[in-house]
1. Pick from the range 23-51 the residues that are free of Cβ contacts under 8 Å to residues at least 12 places away in the same chain and away from the ligand (no atom under 15 Å from the Cβ): which of them is farthest from Val141 (Cα to Cα)?
2. Quick check, is Thr14 more than 10 Å from the ligand (Cβ to nearest atom), within 16 Å of the chain's Cα centre (by Cα) and in contact (Cβ under 8 Å) with a residue 60 or more places away in the chain?
3. When you look at Glu56, is it without any contact (Cβ under 8 Å) to a residue 40 or more places away in the chain and of a type in the set (Asp, Glu), yes or no?
4. Go over the candidates Ser128, Ser136 one by one and state the one that is closer than 19 Å to Ile21 by Cβ and touching a helix residue (DSSP H, G or I) at 6+ places or on another chain (Cβ under 9 Å).
5. Please specify each residue of the range 129-147 satisfying the condition of being surrounded by 14 or more Cβ atoms within 10 Å (Cβ to Cβ), assigned to a helix (DSSP H, G or I) and either over 16 Å from the mean Cα position of the chain (by Cα) or aliphatic (A, V, I, L, M) (or both).
6. Among the residues of the range 9-47, what is the count of those that are touching a strand residue (DSSP E or B) at 6+ places or on another chain (Cβ under 7 Å), closer than 20 Å to Gly71 by Cα and not in a helix (DSSP H, G or I)?
7. Out of the range 1-11, which residues are at pLDDT 95 or above and either within 13 Å of Val84 (Cβ to Cβ) or more than 13 Å from the ligand (Cβ to nearest atom) (or both)?
8. Can you find, within the range 31-86, the residue that is surrounded by the fewest Cβ atoms within 10 Å (Cβ to Cβ) among those that are of a type in the set (D, E, K, R) and under 20 Å from Met104 (Cα atoms)?
Amino acid sequence: MKLAVYPGSFDPLTNGHVDIIERGTRLFDKIIVAILVNVEKSPLFSMQERVEIVREVFKGSPNVEVDTFEGLLVDYVAGRKADVIVRGLRALSDFEAEFQMALMNRRLSPHVETVFMMPAEQYTYISSRLIKEVFSLGGQVRGLVPEIVESRLREKQRGKAHVS
Ligand code: PNS
């Protein structure tokens, strides 16, 4: 069984991520969406929310699993007995950091292969960071994120409006 891990922050999940996961399910028997527990960053969506969102979007896909991890990615991958890491490459600008990560992960764990996948063209400019920025400034993100993400973003905005 070919098991792949798709790691990331997913704060929040975008349609670019969804596209990569769907492509991954066509290449691998199972893809584990592994959400990093990052204590340094202050995420907009809690870990529980991020897990719920991915679960909801892929509820009809038994070959997509959602999990969280902390520490080294390669340790998590070994613990799950997977041997492939999937990463999305949107543009040349992603390449340098991704190349460094892939080679570092290879040095740490030579048997684990990183597979880069390109999302559909219409998603090549999307990032979680831009989605949060555009939405918080009143811009339209419809079609760039799953509907559940859009409604959760709206809930957060309403919550904020009540506080101030
Ligand atoms: O969605 P992101 O923020 O680009 O994902 C980055 C991620 C989670 C893949 C990366 O930060 C990671 O693997 N972190 C775990 C710690 C680790 O293994 N660091 C060394 C990587 S070379």
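The values are calculated or read from the model by the stated rules, or taken from the named source; none is laboratory data. Note that this is a predicted model, so its numbers are computed, not measured. With ideal geometry, Cβ positions are generated from the backbone for all residues, glycine too; neighbour counts draw on all protein chains shown.
1. Looking at the filtered set, the residue picked out is Arg26.
2. yes
3. No.
4. Ser128
5. Leu130, Ile131, Val134, Phe135, listed by residue number.
6. 9
7. If the condition is that a residue be at pLDDT 95 or above and either within 13 Å of Val84 (Cβ to Cβ) or more than 13 Å from the ligand (Cβ to nearest atom) (or both), then Lys2, Leu3, Ala4, Val5, Tyr6, Pro7 are the ones that fit.
8. Lys81
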